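Chemist: Before I ask anything, let me first share the structure, which is written out below as structure tokens.
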Amino acid sequence: MSRATHGHQRGKNITSKSRATKSITISSGQKLQDGITLMISGKPSVKKTSPTISWRGRRRIPVLLPNKSYTAALLTQKPQLELQAKGVEDALPLGGKDTKLHIKFEFGFRNFANEPDLDNLISSALDILAVAGIIANDRWVYSLDGSIKIMNCNKEFTKITIKEFEMPVIQELLMEEMEIWILRWKKYTSFPSA
């Protein structure tokens with residue numbers, strides 16, 4: 001899996017609008033060829049900060065619960081995603097054994113105060129996508145290229161762009177990449193003949 005791009009973009013005033021791409025028309029069982037774009041308004045939430053330990057059963061088994069802010073965000077963000085996915089329910093959930101996903105996340109923040117790590121933001125967003133039924137499972141996500149945190153926004157938001165790739169396409173890309181590396185290896189390991 002490709003690493004997400006860690007970094008910031010400053011000075012961009014971005015406003016969030018809760019809408020999906022309108023150009024998608026899908027018949028039953030058809031794949032989302034052009035992808036889908038989803039917007040979640042509100043501060044991006046993380047799951048891993050300040051977890052609560054609960055003790056269950058007679059044997060007092062410790063259970064790790066997500067923090068209250070993540071649970072509250074899940075209750076508000078799931079309906080937003082379900083509303084935007086109306087009209088494409090036949091193609092959902094995305095991802096599967098023969099179809100892998102490329103997802104790009106853009107997290108918008110007002111300022112740098114208590115801003116979470118990018119990997120925690122991505123992990124929480126993937127969980128919310130799975131709970132809302134947008135993706136089948138985060139195990140089918142093969143690429144997170146271009147994921148970024150954007151600072152100094154007018155409104156806080158999470159923008160999600162999802163595209164599907166068939167396995168032959170991924171295999172072709174991997175073969176091309178492998179051929180490039182083989183050529184480089186041959187170039188630097190070849191010795192002139194005496």
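The values are calculated or read from the model by the stated rules, or taken from the named source; none is laboratory data. Being a predicted model, the structure only gives us computed values, none of them experimental. Because the Cβ atoms are built from the backbone with ideal geometry, glycine has one as well, and the counts that use them run over all protein chains shown. All accessible areas refer to the heavy atoms of the entire protein, side chains included, with ligands and DNA or RNA removed. Shrake-Rupley method; radii C 1.70, N 1.55, O 1.52, S 1.80 Å.
Chemist: Please identify the pairs in which a residue from segment 140-152 that is among the charged types (D, E, K, R) has its Cβ atom under 6 Å from the Cβ atom of a residue that is at pLDDT below 85 and open to solvent by 30 Å² or more (accessible area, probe 1.4 Å), counting only partners at least 6 apart or on another chain.
Modeler: 145/2; 149/8
Chemist: Would you be able to say whether some residue in segment 88-97 is over 21 Å from residue 45 (Cα atoms), open to solvent by 30 Å² or more (accessible area, probe 1.4 Å), modelled with pLDDT under 80 and part of a helix (DSSP H, G or I)?
Modeler: Yes, the conditions are met somewhere in segment 88-97.
Residues checked against (1) under 19 Å from residue 158 (Cβ atoms); (2) among the acidic types (Asp, Glu); (3) at pLDDT below 80:
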| site | (1), (2), (3) |
| --- | --- |
| 23 | no, no, yes |
| 36 | yes, no, no |
| 43 | yes, no, no |
| 59 | no, no, no |
| 72 | yes, no, no |
| 106 | yes, yes, no |
| 118 | yes, no, no |
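Chemist: What strands (runs of 3 or more DSSP E) completely inside segment 116-167 contain at least 1 residues that are touching a strand residue (DSSP E or B) at 6+ places or on another chain (Cβ under 9 Å) and open to solvent by 30 Å² or more (accessible area, probe 1.4 Å)?
Modeler: Because the criterion is at least 1 residues that are touching a strand residue (DSSP E or B) at 6+ places or on another chain (Cβ under 9 Å) and open to solvent by 30 Å² or more (accessible area, probe 1.4 Å), the strands (runs of 3 or more DSSP E) in segment 116-167 that meet it are 141-143, 157-166.
Chemist: Which of the residues that make up segment 61-73 are of a type outside the set (Gly, Ala, Ser) and closer than 10 Å to residue 47 by Cα?
Modeler: Hits for segment 61-73 are 65, 66, 67, 68, 70, 71.
Chemist: Quick one: in segment 98-115, which of the residues that are surrounded by 19 or more Cβ atoms within 10 Å (Cβ to Cβ) and among the aliphatic types (A, V, I, L, M) is farthest from residue 40 (Cα to Cα)?
Modeler: 101
Chemist: Hey, another quick one. Are any residues in segment 62-87 hydroxyl-bearing (Ser, Thr, Tyr) and open to solvent by less than 50 Å² (accessible area, probe 1.4 Å), and if so, which ones?
Modeler: The one that is hydroxyl-bearing (Ser, Thr, Tyr) and open to solvent by less than 50 Å² (accessible area, probe 1.4 Å): 70.
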